[in-house]
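Notes to accompany the following structure.
Each reported figure results from applying straightforward, stated rules to the coordinates on display, with no laboratory input. Please read these numbers as outputs of a predicted model, since none were measured by experiment. Glycine gets a Cβ as well: all are built from the backbone with ideal geometry, and neighbour counts include every protein chain shown.
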C-alpha cells in the first residue's frame, strides 16, 4: 500500500526513469540562515508518526486466503485423482518483455489480458517438478509467517532449505514472482530481503515493538535501514535535507566526516542503497517524503548509464518490480554529477599544464583529440546557457594533483555502457506520457554520454579527495 498518493510510473526497462535540475539547487544561502529555520515550511514537530496501513490486517487475511485457495485446489486435485497438480505462476521477466514489445492491432495491450501460467507436478521435466516443490514450500513459509505476525528474510528461507533451492537467487526469483502472481507486494507475504541500505543523520526510528534505532550514533558505518512496515515513528531532529548517495564508499566518507551535521546547508540525512537500491531503501524514502513532503531530497550518482539507472530506480521504480507499491520517489532531485559539472575540468586553468597534456591523457585514458574538440564545443554551449556560467568550484584554479584526480575519474564508455544508455533512452521514450518526472535533462545527458563516449565517477568533482565543498555549493547555491 502506498504511503502517499503517488501514482506509479509505468516502466518498461529492467532499469528504472528523470529529473530536470539546474546546475545549482535553490536553497537559502548560509548567511541568511536563521536558527528558527524560517526559510522552511513550519513543522508542528520533528516527530512523524506513521499510521498503520488501514487495510494491513485485511490485506494479511486476503493473502492468507489466496494461499489457502491454492492449497485447497491441490488437495481437491489429489482427492479427485487428477493426473497433475498446479500452482499459478507468472514470471515478472516475461511480463516485462510483454510490456516492452510493440502492441499490434489484434494483440492484448496489457499483461492482464494474457492467461495466467501454471507450474505443475509431476510436470513435463524434473526441473518443473522441483520448481513446484519450491513454490509450495515458500507458500507454506509465507502463510506461517503471516499467521504468526512475524517477518522472515529470503536468506533464512534459503538456509532452511538449501538442498531444495540450491542457490539464493532461486529463492529471490520465486518469492518476487509469487508476489507478482498473487497481485501483492513482497512484504505482504511477510518475506523481506536482508537489510542492505544505510542511513546516517540526526534521525531516530521507533519500531512498532517499541525498540529505538538512533541513526546518528554509528557515524562512519551508518545504520541499516529496517523493514519500513515495522517503523512506528520517525524523529527527524534538526534534519533539513536528504542526500541519497549511489556509492557506499562515498557515503562512509561523508558519514565519517560528520557531513550530515557540519554542512553549510544545515543538518541533513545521508542514505545509500549501496548501488542499485533494495525495496526497503526505496520504500523508506517514499515514507520519508510522504510525512515530510517539503524536505528536499537530492541524489548523487556517477555520470554513467548505471548512475542514471540507479537514479531512475529511486524515482520511478524498475520493470521487474512494478507490482510493488510505495517504492518510488519522483520528487528526488538529481544533484549530480552531470556533464556541465565535469566538462570544464578538461580545460585546465593552469598555464603550465599544456606541456603535460599528452601525459595526462595517456595516464587517465582521456578522450581523443577529435572528441576533445567536441568536448570544448559542448562546454562552451553549456557555459552560454547558464547565466552564472560554470560553477564556482570549476572556476577556482586547480592544483596539479586535483586536476589529475579529476581526469582519472573520466573514462570511456564500454560496449555494455553504450548499450545500457541506448536502452535507457528507449525506455524513457516509451514511458514519457505517464512519467511523473521531467526527463528532458536525463535524455540530454544520455545523448551527451553517447556522443562524447565518456563516463565519470563521483570523484570527478572531488577537491583533493574532499567532496564536501562541492556539496555545500550545490546544496546552498
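A few remarks follow.
- Sorting 307-320, 328-341 by their mean Cβ neighbour count within 10 Å, with the most densely packed peptide first, gives 307-320, 328-341.
- Label sites at residue 72 and residue 91, each approximated as a point 7 angstrom past Cα along Cα to Cβ, lie 3.1 nm apart.
- Distance between the range 438-477 and the range 175-234 - C-alpha centres, whole angstrom: 30 Å
- Under the simplified labelling scheme, the residue 444-residue 264 pair shows an inter-label distance of 2.5 nm, with each label point 7 Å from Cα along Cα→Cβ.
- Antiparallel bridge percentage (DSSP; both residues within the range 206-331; nearest 5): 25 percent
- Here the range 210-248 is scanned for amide nitrogen atoms under 14 Å from the site 7 Å beyond the Cα of residue 45 along Cα-to-Cβ, giving 232-237.
- Linear extension gain, residue 169 paired with residue 129, 0.36 nm per residue minus alpha-carbon span: 12.6 nm
- By average C-beta atoms within 10 angstrom, highest first, the peptides 410-420, 274-284: 274-284, 410-420
- Each peptide in 198-204, 77-83, 442-448 was scored by the mean count of other Cβ atoms within 10 Å over its residues; highest first, the order is 198-204, 442-448, 77-83.
- Alpha-carbon Debye profile of the range 178-286, log10 I(q)/I(0) at 0.09, 0.20, 0.24 Å⁻¹: -0.24, -1.02, -1.35
- Difference of contour (0.36 nm per residue) and Cα-Cα distance, residue 79 to residue 412: 113.5 nm
- Extension gain, residue 212-residue 147: 0.36 nm per intervening residue step, less the Cα-Cα distance, totals 20.9 nm.
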